[in-house]
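Below is one structure; the comments refer to it alone.
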Amino acid sequence: MTATSHSLARGGVRRSDEVDGVVVLTLDRPPANALSNALVRELATTFDALASSPYAPAVVLTGAANRFFTAGGDIKEAIGYDAESMVERMMLFHGLLNALENYPRPLVCAVNGWCVGGGIEMTLFADAVYAATDARFVFPEVNHGMLPAVKGIARARRVVGDRAARRLLLSGEIVDAMVAESLGLVDQVVAGDDLLATATAYARAAAAKPPAVFKALKQALHGADGWPPEKQLCMTLRDARTVFDDPAARLAREVWNG
């Protein structure tokens with residue numbers, strides 16, 4: 001696929017022109033595509049705007065360069081937050097996960113390099129995930145005094161199963177692309193040079209299917225998740241307040257930030 005990319009805003013998302021019903025969104029916030037509040041807000045706004053169109057395209061989401069899909073939540077931005085600031089941040093991220101979950105058209109993630117924390121949560125709401133052979137996946141929050149969104153935790157348990165979700169979330173273990181594929185985080189591992197083309201080919205094929213059917217199937221697939229979004233958000237915000245008032249968790253964040 002050949003398309004001209006252009007920047008939407010300062011948050012760090014590049015959007016290609018639509019080709020064959022597919023738009024590529026590229027996280028481009030050097031050096032690691034960390035998920036700042038601005039980037040999370042821009043992503044959510046972009047998906048909501050695309051979804052509102054009667055001719056919403058399929059979307060391929062990837063990272064700029066090759067080292068990072070995304071480093072996850074921007075801990076440098078959050079290091080000075082109080083609990084209420086973190087609550088606002090988690091509300092933004094919960095909204096992004098809702099936007100991804102509710103996107104009515106095909107959503108494909110092309111994971112190049114590191115996929116950390118919130119980045120994994122984002123991929124869990126994609127219809128297909130392709131990873132480069134050198135991709136790495138980790139939920140580091142247990143070691144860094146942070147928490148994923150409860151919506152993301154619930155989705156991880158549903159996608160990979162209880163045992164694998166516990167393994168990933170409670171240990172902070174780093175897994176490579178092949179292990180991620182065996183766990184069900186990834187649909188297919190491909191050579192880095194073929195990653196975007198492979199993901200785009202899937203998106204193009206999926207975009208060609210009847211939009212109303214695709215949307216209905218997605219809604220049915222997502223509707224069986226355990227808690228309703230309101231309860232997930234309530235738990236996310238409650239736990240965010242607890243963790244960001246906890247001295248030990250704050251110390252872990254400061255030590256990790258070095």
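The values are calculated or read from the model by the stated rules, or taken from the named source; none is laboratory data. Computed from a prediction, not measured in an experiment: that's the story for all the values here. Cβ: placed from backbone, ideal geometry, glycine included. Neighbour counts: every protein chain shown.
Counting only residues that are at pLDDT 95 or above and not hydrophobic (A, V, I, L, M, F, W, C), how many does the range 67-83 have?
Going through the range 67-83 one residue at a time, the tally reaches 1.
How many residues does the range 52-83 hold that are out of contact with any strand residue (DSSP E or B) (no Cβ under 6 Å at 6 or more places or on another chain) and under 24 Å from residue 105 (Cα atoms)?
Number satisfying all stated conditions: 5.
Pick from the range 43-87 the residues that are among the hydrophobic types (A, V, I, L, M, F, W, C), outside any helix (DSSP H, G or I) and more than 18 Å from the chain's Cα centre (by Cα): which of them is farthest from residue 139 (Cα to Cα)?
The residue in question is 56.
What tally of residues in the range 134-153 results from selecting those that are aliphatic (A, V, I, L, M) and either surrounded by fewer than 19 Cβ atoms within 10 Å (Cβ to Cβ) or without any contact (Cβ under 8 Å) to a residue 24 or more places away in the chain (or both)?
Number of matching residues: 2.
Taking the condition of being more than 21 Å from residue 189 (Cα to Cα) and among the charged types (D, E, K, R), how many residues in the range 108-154 meet it?
Total meeting the criteria: 2.
Given the criterion surrounded by fewer than 23 Cβ atoms within 10 Å (Cβ to Cβ), closer than 17 Å to residue 92 by Cα, at pLDDT 95 or above and out of contact with any helix residue (DSSP H, G or I) (no Cβ under 7 Å at 6 or more places or on another chain), identify the matching residue among 49, 44.
49
Residue by residue through the range 188-214, note down the ones that are surrounded by fewer than 18 Cβ atoms within 10 Å (Cβ to Cβ) and of a type in the set (D, E, K, R).
Within the range 188-214, 193, 194, 209 qualify.
Considering 99, 156, which residue is free of Cβ contacts under 8 Å to residues at least 40 places away in the same chain and small (Gly, Ala, Ser)?
156
If residue 100 passes every condition in (1) of a type in the set (A, V, I, L, M); (2) within 20 Å of residue 257 (Cβ to Cβ); (3) touching a strand residue (DSSP E or B) at 6+ places or on another chain (Cβ under 7 Å) but one, which one does it miss?
(2)
Could you tell me which of the residues 237, 185 is under 20 Å from residue 101 (Cα atoms) and modelled with pLDDT under 95?
Just a single option satisfies the conditions, and that option is 237.
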